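Undergrad: Got a structure here, written out as structure tokens. Questions coming.
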């Protein structure tokens, strides 16, 4: 690793963690299958003790714990300072932005699902809707709050700064980490929504220079899903439609109707979302102009060597030499610039396998083939 630059070492560290997250999630799936073989199903009672404990462990072991261990080691202690842990008041604006953004995600998901339905794919089974106040409270804790803390700590706390330092571009870093965040979920029907979420939360964290913005947005998004599912279930019970009535309505809804509903959500959610994000930008624009992390290539406004101002022939020559030396080091490193991405490549087969399995399940469902496990 002597030929590695500091940014390449940082990138390698977070990508190793990413591979651990992916393989760890697969391990949690194996553990669930092992328990079910012996007649133990933590999911049998939605939002009960077993369900809640499993959901907490499923986030803590693969996502949270590896990052904490890294930060405790000498190799990771320097990463804490770049995690944007400072709370800024503008982070609170992530709550209304998250509400508006969830409506936008509903529209994106509806259009995507209408396309999947039109080509004959069935719907994926998602998390059960909370039934009653106790289940709603539990769902807010284990589906909204806990995953948001764990995933934001890893994706926007650890990964995003490492990619920013490597690319010297916040935009590229947000794009890469947003996509990596989305694909790790392995959900075909939710893929466009997850990509949107990953990009938005990364952009807001950069914009406000606070990890808490991503955490609050993430909590709001997940809480909205649980709250609306709870309201829909309660509404169904009040009308006497019976258990599973809303799911039946969804299954019988034509792709055209889903698409029209999606357009409605896109229009309403899009307008509100633009207003909320615009307000966040206005509040932070002066700080953003002075943030060196957003302008990594800008020369500092000070004198160069020997008291000469930057831009003089001497300092221009030094900049040119530094650029040439950097290029030479990159060529000498050979494959070193590709090695930091190797852990992501190693994780790719698991991601592909998850999406393939989910796609086949949706295909069988669309063909009316029931699978029993």
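The values are calculated or read from the model by the stated rules, or taken from the named source; none is laboratory data. These figures come from a predicted structure and were not determined experimentally. Backbone-built Cβ (ideal geometry, glycine too); neighbour counts: all protein chains shown.
Undergrad: Name the one entry in 216, 175, 199 that is out of contact with any helix residue (DSSP H, G or I) (no Cβ under 6 Å at 6 or more places or on another chain), modelled with pLDDT of 95 or more and within 25 Å of residue 281 (Cα to Cα).
TA: Details: 216 fails: out of contact with any helix residue (DSSP H, G or I) (no Cβ under 6 Å at 6 or more places or on another chain); 199 fails: out of contact with any helix residue (DSSP H, G or I) (no Cβ under 6 Å at 6 or more places or on another chain).
So the residue among 216, 175, 199 that is out of contact with any helix residue (DSSP H, G or I) (no Cβ under 6 Å at 6 or more places or on another chain), modelled with pLDDT of 95 or more and within 25 Å of residue 281 (Cα to Cα) is 175.
Undergrad: Looking only at residues that are without any contact (Cβ under 8 Å) to a residue 60 or more places away in the chain and within 23 Å of the chain's Cα centre (by Cα) in the stretch 45-55, which one is nearest to residue 185 (Cα to Cα)?
TA: 54
Undergrad: While we're here: Condition first: surrounded by fewer than 16 Cβ atoms within 10 Å (Cβ to Cβ), within 20 Å of residue 140 (Cβ to Cβ) and modelled with pLDDT under 95. Can you find one or more residues in the stretch 256-271 that meet it?
TA: no
Undergrad: Now for a different question. I want to confirm something. Restricting to the stretch 229-255 and keeping residues that are surrounded by 14 or more Cβ atoms within 10 Å (Cβ to Cβ) and at pLDDT 90 or above, which single residue is farthest from the chain's Cα centre (by Cα)?
TA: Of everything passing the filter in the stretch 229-255, 230 is farthest from the chain's Cα centre (by Cα).
Undergrad: Just one of (1) under 30 Å from residue 230 (Cβ atoms); (2) outside any helix (DSSP H, G or I) trips up residue 4, so point out which.
TA: Single failed check for residue 4: (1).
Undergrad: Please specify each residue of the stretch 24-40 satisfying the condition of being on the phi < 0 side of the Ramachandran plot and out of contact with any helix residue (DSSP H, G or I) (no Cβ under 6 Å at 6 or more places or on another chain). Break it down stepwise before answering.
TA: At the first step, the residues of the stretch 24-40 found to be on the phi < 0 side of the Ramachandran plot are 24-38, 40.
Selection gives 27, 29, 30, 31, 32, 33, 34, 35, 36, 37, 38, 40.
Undergrad: Could you identify the single residue in 39, 29, 67 that is free of Cβ contacts under 8 Å to residues at least 24 places away in the same chain and assigned to a helix (DSSP H, G or I)? Reasoning before the result, please.
TA: Details: 39 fails: assigned to a helix (DSSP H, G or I); 67 fails: free of Cβ contacts under 8 Å to residues at least 24 places away in the same chain.
Selected residue: 29, the only one of 39, 29, 67 that is free of Cβ contacts under 8 Å to residues at least 24 places away in the same chain and assigned to a helix (DSSP H, G or I).
Undergrad: Return the residues of the stretch 56-99 that are within 17 Å of the chain's Cα centre (by Cα) and over 30 Å from residue 6 (Cα atoms); say none if nothing qualifies.
TA: If the condition is that a residue be within 17 Å of the chain's Cα centre (by Cα) and over 30 Å from residue 6 (Cα atoms), then 58, 94, 95, 97, 98, 99 are the ones that fit.
Undergrad: Could you tell me which of the residues 138, 110, 58 is without any contact (Cβ under 8 Å) to a residue 40 or more places away in the chain, in a helix (DSSP H, G or I) and surrounded by 19 or more Cβ atoms within 10 Å (Cβ to Cβ)? Steps first, answer last, please.
TA: Details: 138 fails: without any contact (Cβ under 8 Å) to a residue 40 or more places away in the chain; 110 fails: without any contact (Cβ under 8 Å) to a residue 40 or more places away in the chain.
Of 138, 110, 58, the one residue that is without any contact (Cβ under 8 Å) to a residue 40 or more places away in the chain, in a helix (DSSP H, G or I) and surrounded by 19 or more Cβ atoms within 10 Å (Cβ to Cβ) is 58.
Undergrad: Based on this model, can you work out whether residue 117 counts as assigned to a helix (DSSP H, G or I), more than 24 Å from residue 224 (Cα to Cα) and free of Cβ contacts under 8 Å to residues at least 12 places away in the same chain? Before you say what the answer is, go through the steps one by one.
TA: Values: assigned to a helix (DSSP H, G or I): yes; more than 24 Å from residue 224 (Cα to Cα): yes; free of Cβ contacts under 8 Å to residues at least 12 places away in the same chain: no.
Judged against the criteria, residue 117 is not a match.
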